[in-house]
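The values are calculated or read from the model by the stated rules, or taken from the named source; none is laboratory data. Since this is a predicted model, take the numbers as computed values, not measurements. Cβ coordinates were reconstructed from backbone atoms using ideal geometry, including for glycine residues, and neighbour counts include every protein chain displayed.
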Amino acid sequence: MCASGCASCCAAEFSIHPGEAALILEHFLELEDSAQKRLRESWGQSRPGTCAFLVDNRCTTYESRPVICRTQGAPLCTSDELARTKRITACTLNFNGGETLPSRPEDWFELNRLTELQSVAEQFFEKTLGIPEPLRPLLDSENRIPLRKLRDLLARLP
């Protein structure tokens with residue numbers, strides 16, 4: 001999969017589910033004060049139009065990154081049930097040196113199924129744990145949290 005320093009898929013600003021934002025928040029709060037300070041300082045170097053947590057082509061929240069980040073570049077299968085078609089996409093950087101895109105369905109991530117499972121997990125999270133109070137003001141109209149707003153919240157925490 002992706003190598004350290006590859007940020008080809010990180011060229012967008014996007015939002016995530018509250019449960020994923022809670023994991024990033026939790027991970028950040030578990031860091032030592034000095035590590036939190038270094039992250040806050042580095043975030044000032046991120047570029048508009050890229051992921052809010054990307055600095056010098058490195059993910060500053062890699063250990064707690066959301067599902068979309070964990071699956072980028074991998075063979076993703078999108079199914080159109082009405083047209084009875086499947087579309088496989090993957091980052092070409094993962095398939096160089098003569099390698100080809102996997103042809104066996106068991107080697108693909110079924111994006112529709114992954115999205116369904118993530119939705120179930122998110123509903124379970126919200127019903128059992130609830131959205132942490134500091135994250136609630138960040139919710140957008142789709143009940144998601146823009147990464148830039150999350151990063152700005154983390155940068156302001158005491």
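Mind checking which residues of region 114-129 are loosely packed, with under 15 Cβ neighbours inside 10 Å, among the charged types (D, E, K, R) and either under 27 Å from P75 (Cα atoms) or within 14 Å of the chain's Cα centre (by Cα) (or both)? Spell out the reasoning first.
Pass one, region 114-129, residues loosely packed, with under 15 Cβ neighbours inside 10 Å: 115-117, 119-121, 123-124, 127-129.
From what's left, among the charged types (D, E, K, R): 116, 127.
Of everything in region 114-129, just one residue is loosely packed, with under 15 Cβ neighbours inside 10 Å, among the charged types (D, E, K, R) and either under 27 Å from P75 (Cα atoms) or within 14 Å of the chain's Cα centre (by Cα) (or both), namely E116.
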Considering only residues of region 97-113 that are hydrophobic (A, V, I, L, M, F, W, C) and under 21 Å from the mean Cα position of the chain (by Cα), which is modelled with the lowest pLDDT? W108
Among (1) in a helix (DSSP H, G or I); (2) out of contact with any strand residue (DSSP E or B) (no Cβ under 9 Å at 6 or more places or on another chain), there is one condition L135 misses while meeting the rest; what is its number? (2)
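Out of all the residues in region 70-89, which are in contact with a strand residue (DSSP E or B) (Cβ under 7 Å, 6 or more places away or on another chain) and either modelled with pLDDT under 80 or not charged (D, E, K, R) (or both)? Outline the logic, then answer.
Step one: filter region 70-89 for residues in contact with a strand residue (DSSP E or B) (Cβ under 7 Å, 6 or more places away or on another chain), giving 71, 74-79, 86-89.
Scanning region 70-89 gives T71, A74, P75, L76, C77, T78, S79, I88, T89.
A quick yes/no check of all residues on (1) basic (K, R); (2) in a loop (DSSP other than H, G, I, E, B); (3) at negative phi:
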{"residue": "L29", "(1), (2), (3)": "no, no, yes"}
{"residue": "S42", "(1), (2), (3)": "no, no, yes"}
{"residue": "C69", "(1), (2), (3)": "no, no, yes"}
{"residue": "G73", "(1), (2), (3)": "no, yes, no"}
{"residue": "K86", "(1), (2), (3)": "yes, no, yes"}
{"residue": "E106", "(1), (2), (3)": "no, no, yes"}
{"residue": "S119", "(1), (2), (3)": "no, no, yes"}
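The rows are residues; the columns are (1) touching a Pro at 6+ places or on another chain (Cβ under 9 Å); (2) of a type in the set (A, V, I, L, M, F, W, C); (3) more than 27 Å from L154 (Cβ to Cβ).
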position	(1), (2), (3)
L29	no, yes, no
R40	no, no, no
S46	no, no, no
E116	no, no, yes
L129	no, yes, no
Is region 50-65 home to any residue that is among the hydroxyl-bearing types (S, T, Y) and touching a residue at least 60 places away in the same chain (Cβ under 8 Å)? no
Set T78, T100: member being outside any helix (DSSP H, G or I) and surrounded by 12 or more Cβ atoms within 10 Å (Cβ to Cβ): T78
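Is it true that A155 is crowded, with 17+ Cβ neighbours inside 10 Å and either of a type outside the set (D, E) or under 30 Å from K37 (Cβ atoms) (or both)? Explain how you work it out, then say what you get.
On the way: crowded, with 17+ Cβ neighbours inside 10 Å: no; either of a type outside the set (D, E) or under 30 Å from K37 (Cβ atoms) (or both): yes.
No, not satisfied.
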